[in-house]
Amino acid sequence: MQDMGIQVLFEGINFQRLLAGLMVSLNLALISMAFSIVLGIVLGMIMTVKNRLVRLICRIYLETVRIMPQLVLLFLVYFGAAKHFGVDISGEMAAVIVFTFWGTAEMGDLVRSALISIPKHQYESGYSLGMTKLQVYIRIILPQTFRRLLPSGVNLLTRMIKTTSLVVLIGVVEVVKVGKQIIDASRYENPKAALWIYGAIFFLYFAICFPISRLSAVLERRLKT
Amino acid sequence: MRGIMDYSFIVENTPLYLEAALLTIKIAACGIVGSFVVGIVCCLIRELKIPLLSPLVQVYIELSRNTPLLIQLFFLYFGLPKLGIVWSSEACGIIGLIFLGGSYMAEGFRTGIDNVPKIQRESAYSLGLTGTQTFWKIILPQAIATSVPVFCANSIFLLKETSVFSAVALADLMYVTKDLIGLYYKTDEALLMLVIAYLIILLPLSLISTWIERRVRYAGYGNTGTL
């Protein structure tokens, strides 16, 4: 039992520390997700307008965000902004900015495809009943869009959570960093700590993402009509 | 000072980036090919409902899809050596990428198979084909055609994911960039080269995949295809 090393997880407050670290990444993911949903809905609506120039600009934004690895964007903001604007933004701040920037693009595209999948007669019937454009959107289109959006939106949340694990690479103290600290602290009495700590982190992520992606699959089946 | 690039610095360090980019491409290529194979095998195991293996594949797919690549790499690179399984950074990167990519490919192929209309299977049965014949001769060819865009999208996704490999001490583009920023504080130049390097790798791929997607859109039966 002694050389298994699994006890490292339960020594002192190690496990609580790991969980607290995980909360840091989760917080970043949830904050970015909240911003992305709001901005993404706006972007999605903008992307359906008729003006070609507006659509082109949105398209360029979307493709730029999509083609760059998120880590590159993180580096750009974290290292670039610090130098150019003289502001010393924290890793957390950079993460929220980048993941919102990325999430808004992804969310916007989801909203756009949900919006154009609504049959045209829904709009037309609304107008013919004398509703204004705003009323049609709020009362007829958005409620229907919401149903189509829910599964893919929930799916985006798991992607967001998985992506926020990157923040350890720009120095945010989150679950991996805490794990490293624990491993370093118990290097001598417990040389196998790395196996258990990283294994635990792996399963913690799984424990969070698995239910959410199941939920997304269930919603997709349930709302399919 | 601000806004002015040090071009000689850029020229000087281009070979570094070139080397790093080649490493990225090499690992991504191995990873994509490996993922493709793993994906097909996993998908076949599940489609043909091979006992024992099928639930195992299911577990693998869920594990791999619901955890970040970075965490998988940490476990492979720092965790497993404690059990006596020691890899080089490169092997670790490739294996990590295949572990991640395999499940995405498998899911992609499965969607392709699911998307073959039910009437195809029924018609095959009514013509007297056996289950295996139906699968190999009717379902699979159509499924492959419809999963080509998914395969392309996954390949680009995997290429982008390689950016985390600096975490396991692979001298990739991110690693070189961080190094140069740390050594010389040439932030702008290093970041510019990073972006350009990724654009050179990813832009052609992205364009090709859009083109392929448009080509195979009418591959399914019944779509007579208007270009």
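Coordinate-derived values only; no laboratory data. What you see is a predicted model; the values in this text were computed from it and never measured. Every residue, glycine among them, receives a Cβ derived from its backbone with ideal geometry; neighbour counts consider all protein chains shown.
Candidates A:VAL42, A:VAL38, A:VAL24, A:VAL72: the one that is within 12 Å of chain B (Cβ to nearest Cβ) and part of a helix (DSSP H, G or I) is A:VAL72. Just one of the listed residues (A:VAL178, A:VAL154, A:VAL172) is buried (at least 18 other Cβ atoms within 10 Å of the Cβ), within 14 Å of another protein chain (Cβ to nearest Cβ) and outside any helix (DSSP H, G or I), and it is A:VAL172. Of the candidates A:ALA200, A:ALA217, the single residue that is in contact with a helix residue (DSSP H, G or I) (Cβ under 8 Å, 6 or more places away or on another chain), under 20 Å from B:LEU83 (Cβ atoms) and among the aliphatic types (A, V, I, L, M) is A:ALA200.
Screening region B:124-162 for residues that are among the hydroxyl-bearing types (Ser, Thr, Tyr) and in contact (Cβ under 8 Å) with a residue 12 or more places away in the chain and picking the one that is farthest from B:LEU48 (Cα to Cα) gives B:THR162. Contact map, region A:202-215: residues that are facing another protein chain (nearest Cβ under 8 Å) paired with residues that are of a type in the set (Ser, Thr, Tyr) and assigned to a helix (DSSP H, G or I), Cβ distance under 7 Å, separation 6+ or inter-chain. Pairs shown: A:CYS209/A:THR158; A:SER213/A:THR158. Only one entry of A:TYR188, A:TYR137, A:TYR123 meets the criterion of being more than 11 Å from every other protein chain (Cβ to nearest Cβ), aromatic (Phe, Trp, Tyr) and not in a helix (DSSP H, G or I), and that entry is A:TYR188. When the criteria are applied in full, B:PHE165 fails the requirement of being surrounded by 18 or more Cβ atoms within 10 Å (Cβ to Cβ), touching a Leu at 6+ places or on another chain (Cβ under 8 Å) and away from every other protein chain (no Cβ under 12 Å).
Of the numbered criteria (1) more than 14 Å from chain A (Cβ to nearest Cβ); (2) surrounded by fewer than 20 Cβ atoms within 10 Å (Cβ to Cβ); (3) within 21 Å of B:LEU48 (Cα to Cα), the one B:THR111 fails is (1). Being under 15 Å from A:PHE202 (Cβ atoms) and exposed (fewer than 12 other Cβ atoms within 10 Å of the Cβ) is the filter here, so list the residues in region B:48-67 that pass it. Selection gives B:VAL59 alone. Of the residues examined, A:LYS162 is one that is in contact (Cβ under 8 Å) with a residue 12 or more places away in the chain, touching a helix residue (DSSP H, G or I) at 6+ places or on another chain (Cβ under 8 Å), of a type in the set (Lys, Arg) and closer than 16 Å to A:LEU26 by Cα.
Taking region B:1-109 and the helices (runs of 4 or more DSSP H) fully enclosed by it, the elements with 3 or more residues that are aromatic (Phe, Trp, Tyr) are at B:7-47. Summed over region B:66-86, residues that are facing chain A (nearest Cβ under 8 Å) and in contact with a Cys (Cβ under 8 Å, 6 or more places away or on another chain) total 2. Screening the candidates A:VAL167, A:VAL173, A:VAL136 for the property of being more than 17 Å from the chain's Cα centre (by Cα), within 30 Å of B:GLY182 (Cβ to Cβ) and of a type in the set (A, V, I, L, M, F, W, C) yields one hit, A:VAL173. Can you find a residue in region A:149-159 that is among the basic types (Lys, Arg) and under 30 Å from B:VAL164 (Cβ atoms)? Within region A:149-159 (the criterion being among the basic types (Lys, Arg) and under 30 Å from B:VAL164 (Cβ atoms)), the answer is yes, since at least one residue qualifies. Within region B:202-217, being more than 18 Å from B:THR146 (Cβ to Cβ), touching a residue at least 40 places away in the same chain (Cβ under 8 Å) and of a type outside the set (A, V, I, L, M, F, W, C) holds for one residue alone: B:SER206.
For B:MET193, the criteria (1) farther than 13 Å from B:ASN13 by Cβ; (2) more than 10 Å from chain A (Cβ to nearest Cβ); (3) in a helix (DSSP H, G or I) hold in every case but one, which is (1).
Within region A:45-69, the only residue that satisfies the criterion of being among the basic types (Lys, Arg) and outside any helix (DSSP H, G or I) is A:LYS50. Of all residues in region B:11-39, those that are free of Cβ contacts under 8 Å to residues at least 12 places away in the same chain and either among the charged types (D, E, K, R) or farther than 16 Å from B:SER155 by Cα (or both) total 6.
The rows are residues; the columns are (1) more than 14 Å from chain A (Cβ to nearest Cβ); (2) surrounded by 20 or more Cβ atoms within 10 Å (Cβ to Cβ); (3) farther than 23 Å from A:VAL65 by Cβ.
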{"residue": "B:ILE98", "(1), (2), (3)": "yes, yes, yes"}
{"residue": "B:ILE119", "(1), (2), (3)": "yes, no, yes"}
{"residue": "B:SER123", "(1), (2), (3)": "yes, no, yes"}
{"residue": "B:GLY128", "(1), (2), (3)": "yes, no, yes"}
{"residue": "B:GLY131", "(1), (2), (3)": "yes, no, yes"}
{"residue": "B:VAL148", "(1), (2), (3)": "yes, no, yes"}
{"residue": "B:ALA169", "(1), (2), (3)": "no, no, yes"}
{"residue": "B:MET174", "(1), (2), (3)": "no, yes, no"}
{"residue": "B:LEU180", "(1), (2), (3)": "no, yes, yes"}
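Before we move on, is A:ILE89 without any contact (Cβ under 8 Å) to a residue 24 or more places away in the chain, of a type in the set (A, V, I, L, M) and not in a loop (DSSP other than H, G, I, E, B)? For A:ILE89, the condition - without any contact (Cβ under 8 Å) to a residue 24 or more places away in the chain, of a type in the set (A, V, I, L, M) and not in a loop (DSSP other than H, G, I, E, B) - is not met.
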